[in-house]
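The values are calculated or read from the model by the stated rules, or taken from the named source; none is laboratory data. Please read these numbers as outputs of a predicted model, since none were measured by experiment. Don't worry about glycine lacking a Cβ; one is built from the backbone with ideal geometry, like all the others, and counts go over all protein chains shown.
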Amino acid sequence: MVPQRHDAIIVGSGAGGAAAAYRLVQGGLRVVLLEKGDHLPTDGSTLDVRQVVHEGKFLSREEWLDANGRSFKPEEHFNVGGKTKWYGAALVRFSEREFRADEAHGCRAWPIGLAALEPYYDEAERLLRVRAFDQEPDLARILGRIVRPGGRWLQAPLPLALDPRIIGERTEAMHFDGFASARGLKADADSSFLSKLRGNALFTLVTCAEVRTLLGSSGSKTAIAGVQLSDGRDYHAPLVLLAAGALHSPRLLERYFDAAGLREELPTAAHIGRYLKLHLLTAMLAPSLRRVSDILRKTTLLTSGRYPHSSVQPLGFDAELISSLLPGWVPRLLRSEIGARSYGFFLQTEDGSSAENRVRDRSPGLPPVMDYAERRLVEARREHRALTRGFQLSLARAGLLGLTRRIGLSGTAHACGTLVCGRNPSDSVVDAEGRVHGLTGLYVVDGSILPRSSHVNPSLTIFAWALRVSDLIAGQRAPDAAHAAPAPESVHAG
């Protein structure tokens, strides 16, 4: 059988991978997208609290080690659409200042500004059908006591990638934040991008395809010519785009640099896996005497000039989910009653970029390491503590108690950094057009390139970055010439 020929291989089907596939196929390139997981079921199990939250049925089982050698499992998802199937649908743009360096907070600069991404933000919002929803009565009552003219807090509608029909689907509406829609009422990488490619002869999706290593060309170890899967299958193409996520893309690149002997040759090698960012995250419950009747809840974004790298948004959690955040020693009946009378809030602060916070791959068979410590992020930790105290105080003035629960190392929903983009290979891994410094044929289109994570979920910016990078690639390649090119001879660098 003659091997199928491709112009581009994409590793991972989340925000970056799906957006890149969509744009490259639009540009006439033949694309194969390799996804480690499979399609999610649509039988309602992805909305079931027991299976999703308590059993963790859809989470990765991959074991990691922290800096002290303790084992843990990051909350990662391997499925078509990646984390976007599970995220809370909040899609906010980065501001102009969040593309610039903030040395006092330990934040790096982007090699591009907001203007370079604006048309791709526009396109991503259109494809994802981002919209605002009305603030519901219970939230309006709470915020009416907190948000005052000239006061500490500013509020704005939270852009959400939700179908308006979700309001009439109570189960879906109360379980979109951290759950995968069974009826397609939450936009994601699969439904908004990959679905448009189904049936297109230029596009191939391969599921249950775990990429083990990159393949270098026989003519040059700095030219990437394909990938090899864990089952031994090889895929060859003149272009490879990494979109496996901030915890996984750097491990693939690190393996290749080690196997090909490039660590001493390319200065960018020193930065692979570094500058991991997770956000500093706290869940806060606000119990009251009255039952909560709001359904969506997560409709408003709160910010404050006192906490310029932070934001607060309601959790889209119903009573059952909120009760799961309470300590285990609280009796079940009491947990249920508190959950029914509580509003949840999600507090997040952009962490600084410490080179010591990093992801490291290890020998085959050994768990990878996530070396991340908040003590390296002095200003971020100070702001997050002030944010938490400040919001608790505001709730107290509104007659509500604020109970907190920090999100630990396993909370990797917003993981980014680890292959940061920049102008110089001496302090970054990827250039302003998405290419890995020093290599040809290799691009990165996931959250690992982000020098900054903003004060919100970075998903929309990942979509926009991937659209921009793949737009540049498609513009540089003439499809007819690409289709006529011979399949590249490649060699496994290991």
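Things worth noting here:
- Pairing residues of the stretch 352-373 that are within 15 Å of residue 74 (Cβ to Cβ) with residues that are hydroxyl-bearing (Ser, Thr, Tyr), at Cβ distances under 6 Å and at least 6 apart in sequence or on separate chains, gives 357/372; 359/418.
- The condition of being out of contact with any strand residue (DSSP E or B) (no Cβ under 8 Å at 6 or more places or on another chain) and farther than 25 Å from residue 94 by Cβ does not hold for residue 123.
- Each residue in the stretch 88-100 was checked for being within 20 Å of residue 133 (Cβ to Cβ), modelled with pLDDT of 95 or more and assigned to a loop (DSSP other than H, G, I, E, B), and 4 pass.
- Evaluation of residue 51 against (1) in a loop (DSSP other than H, G, I, E, B); (2) more than 17 Å from the chain's Cα centre (by Cα); (3) among the polar types (S, T, N, Q) (one fails), failing number: (1)
- Residue match in the stretch 440-447 (condition: touching an Asp or Glu at 6+ places or on another chain (Cβ under 8 Å) and of a type in the set (Gly, Ala, Ser)): no
- Test for residue 179: is it of a type in the set (A, V, I, L, M, F, W, C), within 26 Å of residue 22 (Cα to Cα) and not in a strand (DSSP E or B): yes
- Residue within the stretch 69-79 that is of a type in the set (S, T, N, Q), part of a loop (DSSP other than H, G, I, E, B), surrounded by fewer than 19 Cβ atoms within 10 Å (Cβ to Cβ) and not assigned by TED's automatic domain parsing to the domain that holds residue 286 present: no
- Selection count where residues are in contact (Cβ under 8 Å) with a residue 60 or more places away in the chain and either aromatic (Phe, Trp, Tyr) or not in a helix (DSSP H, G or I) (or both), scope the stretch 183-200: 6
- Taken as a whole, the structure leaves residue 154 outside the set of residues that are of a type outside the set (D, E, K, R) and buried (at least 18 other Cβ atoms within 10 Å of the Cβ).
- Test: residue in the stretch 16-32 that is in a loop (DSSP other than H, G, I, E, B), surrounded by 15 or more Cβ atoms within 10 Å (Cβ to Cβ), at pLDDT 95 or above and not small (Gly, Ala, Ser): yes
- Counted residues, the stretch 355-398 - those being within 25 Å of residue 311 (Cα to Cα), among the hydroxyl-bearing types (Ser, Thr, Tyr) and either at pLDDT below 95 or more than 19 Å from the chain's Cα centre (by Cα) (or both): 2
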